[in-house]
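The values are calculated or read from the model by the stated rules, or taken from the named source; none is laboratory data. These numbers come from a predicted model, not from an experiment. Note that we place each Cβ from the backbone using ideal geometry, even for glycine, and neighbour counts take in every protein chain shown.
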Amino acid sequence: MNTLENQNTIFPKGDKTSADYFTGTAWLNILVPQDETGNYAIGNVVFEPGCRNNWHKHPAGQILLITDGKGYYQERGKPARLITKGDVVVIPSHIDHWHGAAHDSSLTHIVITNNTKQGAVEWLEPVTDKEYFSFQKESSK
Ligand code: MN
């Protein structure tokens, strides 16, 4: 099992994320705040096993660079996609989705998020246990 105790993290974990937008425990380290060089911000996110963010969307998309562990990325109405170390996920603008760890593994990814006048993210409802565990049973067959 890939846990926080045995993984080699590249960046410090940072601060706990808001319980308003995450189910379970996750950590955010803002590596590059938005500055005058561009519209993007870069952060490192560590999800403990079972943790995922709420459904949400980005007005100008987002890129995930998976650096450790195992987890899932799901767009509304589509099957969840397994994501592991070395994967790159390009998230289109205005698409409802969530990302997070598998139930038996932590997940670490770098996020590159474009900021707009509408902000960088619009948070929606939590991913329920029913939604989260339904496909995990399927995917572990
Ligand atoms: Mn996202």
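I'd like the residue in region 1-53 that is among the charged types (D, E, K, R) and either assigned to a strand (DSSP E or B) or at pLDDT 90 or above (or both) and, out of all such residues, is surrounded by the most Cβ atoms within 10 Å (Cβ to Cβ).
Of the residues in region 1-53, the ones among the charged types (D, E, K, R) are 5, 13, 15-16, 20, 35-36, 48, 52.
Then keep just the ones that are either assigned to a strand (DSSP E or B) or at pLDDT 90 or above (or both); that gives 13, 15-16, 20, 48, 52.
Values: K13: 15, D15: 11, K16: 11, D20: 8, E48: 18, R52: 25.
Among residues in region 1-53 that are among the charged types (D, E, K, R) and either assigned to a strand (DSSP E or B) or at pLDDT 90 or above (or both), the one surrounded by the most Cβ atoms within 10 Å (Cβ to Cβ) is R52.
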Within region 77-136, the count of residues that are of a type in the set (G, A, S) and free of Cβ contacts under 8 Å to residues at least 12 places away in the same chain comes to 2
Check D35, D68 and return the single one that is out of contact with any helix residue (DSSP H, G or I) (no Cβ under 6 Å at 6 or more places or on another chain), more than 16 Å from the ligand (Cβ to nearest atom) and touching a residue at least 60 places away in the same chain (Cβ under 8 Å).
D68
Suppose we keep only residues that are part of a loop (DSSP other than H, G, I, E, B) and within 11 Å of the ligand (Cβ to nearest atom) within region 54-64. Which one would you say is surrounded by the most Cβ atoms within 10 Å (Cβ to Cβ)?
H58
